[in-house]
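The values are calculated or read from the model by the stated rules, or taken from the named source; none is laboratory data. Keep in mind that what you see is a predicted model, and the values were worked out from it rather than measured. Every residue, glycine among them, receives a Cβ derived from its backbone with ideal geometry; neighbour counts consider all protein chains shown.
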Amino acid sequence: MAPKKSANLPDEVEEIKKSLDFLSAEIKTVAAQQNKIMELMGEIQSLKIQNIEKDKKITFLENRVADLEQYTRMNDLIISGLKTRHRSYARAAAASEDTAAGRGGADAPEVDRESLEQQVLCFLDSKGISVDSGDIEACLRSKNTTATPAIIIRFINRKKKYALIRQGRKLKGTNVYINEHLTKKNADIARRARILKKQNKIQATWSTN
């Protein structure tokens, strides 16, 4: 006996067809979304590569600027720990003393009228260190706010600078130090190196510019 045909078969077929059409549309939507996601992932990867390249370029430029900044200091030395009198203060103090003593400023002690450069040269000379003032291009205090600001000396060339560095050992025990005028970045590296030396993790440390 042949199986009995369902009276609702055409409707069931239609429902199946609609379901297949719906699934097909959903698959197309998902596929389109996947393609969009892949495109976005490609763009993100491209941006990552560009960002890495930009970071490399920024690092290169920062290092280049740091090198140029250090290069501008190649004739400089920095003296730390040396106490000096500010010229304007010295003049005011001398004038006050002169007024109290009833005499003119011409009789004020010569040391009170010395420039910063003269004070530095006088100190160095007292320690047996010879420096010709004609070899100095500039002498000024650093902008730090410590009680004893460091003093920056710029020589006319590096030979004159190294001549003073070689005499630096004569300052041993004075708490006055002569060093290269390093940038903040290089000075920090030098400071960390000195710490490692104190910890006996390295044998020696030095800087040259």
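Among the candidates Ala138, Ala106, Ala147, the residue that is more than 24 Å from Arg169 (Cβ to Cβ), aliphatic (A, V, I, L, M), at pLDDT below 90 and outside any helix (DSSP H, G or I) is uniquely Ala147. Residue by residue through the range 174-184, note down the ones that are surrounded by fewer than 16 Cβ atoms within 10 Å (Cβ to Cβ) and at pLDDT 90 or above. Result: Thr174, Asn175, Tyr177.
Being loosely packed, with under 11 Cβ neighbours inside 10 Å and not assigned by TED's automatic domain parsing to the domain that holds Asp67 is not true of Ala150.
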